[in-house]
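Have a look at the structure below, then the notes.
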Amino acid sequence: MTSRSHASSLQIARETRERFVAATEGAIAQISAAIRERLSALANQTATAREMQENRDAFLSFQSQGSRWAPLAQEAWRKTLTRPAPSGPVNSGSGLGLTLMGDEVVETSILSSRLSQVIQDKASFELNDLRLRIQHLEGTSELDPKDILRPETLATVLVDQWLAVGLGRALWTKVQDSVQAQLTEVVVGAYKDANAFLISKGVMPEIDLKSFVRRTGGAATSGAAPLGGSFASSNLTGIGQRAQSASGGFAMTPGSFAPASIGVTSRGPGGDTMAGTGGSPLIVARQRAQGVLLNLKRFVTARIGGDISQPRYPVVAGGDGAAYGNPAGGAQGSGGGMAGGGAGGLGVPAFAAAIADAEAAYQVMASHYVVGADEATAVQQTAIEMRRRTTELKRKAPTTADKATVEIVALMFQAILAEERIPFSARVWFARLQMPVLRVAIAEPEFFGTLQHPARMLIDRMGSCVMGFDAAAISGSALEGEIRRVVQVIEQYPETGQRVFKLVFDEFVVFLNKYLTQSDSTQRLMSVAQQVEQKETMAIQYTIELRKMLNDMPVREEIREFLFKVWAEVLAIAALRYGAQDEKTVTLKRAASELVWAASAKPNRTDRARVIQDLPKLLQRLREGMTLLGIVDAPQEAHIKTIGATLSDAFLSKTEAIPPAQIEAMAQRLAHLEDYVTDDQGATDLPLDAASIELLLGVDAASIEVVPDTGTKVSEDMLAWAHELQVGNWFMLDHNDRVTQVQFVWRSDRKHLHLFASGDGRSFLIQVGRLASYLQAGLLVPAEEETLTVRATREALAKLDANPERLLN
């Protein structure tokens, strides 16, 4: 780096912060517009009466108060620049600093923490590189806890100003997705621009992490961890739980504070310090997984002088011709060292041929073991052959980055091959993916930088599915056949990179959805559950529409109650059984408008004569509708009696008259009722129990455990987690004091109902609110804490951390 004075370095750091604030300030106005648009859309949506009122109140609240939020937030954001820069090293590891905090402070911290976590997830690499460059300029060991470059600083400003103008936390929760979507892209771009600006000033064009690694307790190894990072540690406990103090009104929430609130540290690989932050278990798991990738990146970067997760362009020539990213050796060229349009070392014939030879050898071994072999011996022989091939590949690898990639991928698949929870017949097919994955990792280094790479997603999805089955259940099954097909397709198209992984991943998900629900009993249960959900959702929506229709009509309360509580459900089940425009359904719809007309005052002879003539048919239709719903005998007669009394009053003009035009408009709207309702994806209180399911379609519910909602309040984080569960994953379910291993096999279209199946033939149909409650209470926990590739990466990193010389030797 070019030598410069300390004052000059501080000036560059300040200019970087000014540019960052300027780049992000404009996003606040965009966020305000997005919030207004979101609330307007919610206010116009059809939902329950309470939700519709809440949405209208939220829109009006933002209309009146929100106009002040954006300018105040922008002003507060600019003022952060006036904070004095740190005058000396910042010690961020002096202790946990746990304090008792009031409920309001905790809740506010949680809101800002959620926003900052989203930014950190998207910008972890750019942010950490920027942090290192700023620390280098200012001569500090860590950024100030309130530095404007920290995501939590901007998040805190936005939330604090939101509350300052009188907008509530509940309203922020309602729009936080819109805030995150608008803000994240802008902030990530600002981090990239800040790094580019510093590089243009000659500030650490290439980051050497060796002098930055923080150690504890005299650790002798050199594995790198996220510097001043914000990834959750593996030993955080009590996530999402609040321990109420004896004095009341305060809580200590180590799993929910913003990153600046509590500095929880844990040991990363090699004894390095790794900072941790809290959040929901879903967020924490993602942070831990991303932290593994970041640790790997730092470890490798410190040894080969380049980022293994970024495209490999040549470095400035001088010295070893086989430097990072320069397979051709010699001087720097314009080809970028990525032969074949980004293929990296695959452009070197000897290296590509060695990979192809190894792949062919693995295929022969897998075929031999599948035919029949002692499992332990087969695993040992395969591991030995994999190690031998790895050594040969590393000798032929043209760059240090390619050598490192070969070693890391080999260690990952060594861990996968040793995973005894994967049935052996499936493990041998996983092992055959090593060479295709190696090709992808060399040609597309982002394999090491993101959890969403299709190759990782495919291996993780297949692994999470098969680890719950025993060998007998997998061997010869359609699932094993699909895994075999997936591997063979990937092997047939080695030149397509991640595209073939994405293709077969999508195909595997489709297969899984069919495979896990193929039994007749499961199909029947799914059909019943789907119809229950559809019927109840339609009944709620029909009730809302009927309320709108009768809003300005002088209809007796008895008739209103009958239409809202009984007839809306009749119309829903008729539409479900017969079809929305079937003649039977249309007749029942028409009965609603006829009832409203019959219950209005009849001051003239013609109307009274018409009522007398039509009344028998109307009552017959009402009886048919109630019978369809299961209302018979005494309950049905009670409804008919109440309706009859109202009609008698109307005959004597004791009720109010309704203009014929309103009745006609209602009839027309009822005829096309489906045009006025929308699919509601939110949770709904569905009256669900085993008896009602068995009654609906005659299904034997003896083996079905129906777990309905109880009305317990759950957080948005838990509901989000419930909605993101992946079909095929295994869980441990603690229900009624009995722990059962279950597999998630189906989710209903509207995401209200979730079906889990156990190995003993029992099924658990759980509503989304109860599912979120079980996740929150720890009654439903993933059988695996980490995905297969994350665990394999962690084990590979542990071996490298203990024996770093093996990376390149």
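The values are calculated or read from the model by the stated rules, or taken from the named source; none is laboratory data. Worth saying up front: this structure is predicted, and the values here are computed from it rather than measured. No Cβ is skipped: glycine too gets one built from the backbone with ideal geometry, and neighbour counts run over all protein chains shown. Heads up: the accessible areas ignore ligands, DNA and RNA and are worked out on the full protein's heavy atoms, side chains in. Shrake-Rupley method; radii C 1.70, N 1.55, O 1.52, S 1.80 Å.
Can you sort 578, 493 by 1.4 Å-probe accessible area, starting with the largest?
Reading off the accessible areas and sorting them downward yields 493, 578.
Given 0.36 nm per residue, what is the gain on full extension from residue 30 to residue 584 after removing their alpha carbon distance, in nm?
194.4 nm
To make sure I understand the rule: partners must be lysines, Cα under 18 Å from the Cα of residue 602, and not fewer than 8 residues away in the same chain. Which ones qualify?
Filter leaves 654.
Just the ratio, please: alpha-carbon radius of gyration of segment 443-498 over 2.2 N^0.38 Å, N its number of residues. Don't jump to the answer; show the numbers that get you there.
Values: Rg = 13.4 Å, N = 56, 2.2 N^0.38 = 10.2 Å.
Dividing the Cα Rg of segment 443-498 by 2.2 N^0.38 Å gives 1.31.
Report the FRET efficiency, 1/(1 + (r/R0)^6), for residue 551 and residue 712, where r is their Cβ-Cβ distance and R0 is 51 Å, rounded to 0.05.
Given R0 = 51 Å and the Cβ-Cβ separation, E is 0.95.
Evaluate the distance, in nm, between pseudo-label points positioned 7 Å from the Cα of residue 188 and of residue 104 along their respective Cα→Cβ axes.
For the pair residue 188/residue 104, the computed spacing is 3.6 nm.
Between residue 4 and residue 421, 0.36 nm times their residue separation minus their Cα-Cα distance comes to what?
Fully extending the segment from residue 4 to residue 421 adds 144.4 nm.
What is the magnitude of the charge dipole of segment 554-608 about its Cα centre, with +1 placed on the Cβ of each Lys and Arg, -1 on the Cβ of each Asp and Glu, and no other charges, expressed in debye to the nearest 20? Don't skip to the end; give the middle numbers.
Values: 10 positive and 8 negative charges, 37 e Å.
I would put it at about 180 debye.
Taking every alpha carbon pair in segment 415-483, what does the distance histogram look like in 5 angstrom bins from 0, in percent?
With a bin width of 5 Å, the distribution comes to 3, 16, 27, 23, 16, 10, 4, 1.
Listed highest first by mean packing, meaning other Cβ atoms within 10 Å per residue, what order do 460-466, 139-145 come in?
Going by the mean number of other Cβ atoms within 10 Å, highest first, we get 460-466, 139-145.
Given 25 °C and 0.890 mPa s, how large is the Stokes-Einstein diffusion coefficient of segment 387-518 in µm²/s, with Rh as the Kirkwood radius over Cα pairs? Mind showing how you got there, number by number?
Working: Rh = 15.4 Å.
Estimated via Stokes-Einstein, D reaches 160 µm²/s.
What ranking do 432-438, 170-176 get when scored by the average of other Cβ atoms within 10 Å per residue, highest first? Intermediate results must be reported in sequence, preceding the final value.
Working: 432-438: 23.1, 170-176: 17.6.
Answer by packing, highest mean first, reads 432-438, 170-176.
From largest accessible area down, sort 82, 787, 405; use a 1.4 Å probe on the protein chains.
Listed by decreasing accessible area, they come as 82, 787, 405.
Taking the Cα-to-Cβ direction at residue 561 and at residue 181 and moving 7 Å from each Cα, how far apart do the two end points lie in nm?
Using points 7 Å along Cα→Cβ, the separation is 4.3 nm.
Taking the alpha-carbon set of segment 149-192, what are its Rg and Dmax in Å?
Looking at segment 149-192, its Cα Rg and Dmax stand at 11.3, 34 Å.
With r defined as the distance between the Cβ atoms of residue 22 and residue 361 and R0 fixed at 51 Å, what FRET efficiency is calculated, to the nearest 0.05?
According to the calculation, E is roughly 0.35.
Could you tell me the ratio Rg/Rh of segment 549-607? Both radii from Cα atoms, Rh via Kirkwood.
1.04
Can you give me the % of accessible surface on segment 633-676 that is carbon or sulfur? Probe 1.4 Å, all protein chains present, nothing else counted.
Looking at segment 633-676 in its full context, I get 58 percent from C and S.
For a Förster distance of 41 Å, can you work out the FRET efficiency between the beta-carbons of residue 493 and residue 738, rounded to the nearest 0.05? Intermediate values should be presented prior to the final figure.
Details: r = 47 Å, r/R0 = 1.14.
With a Förster radius of 41 Å, E is 0.30.
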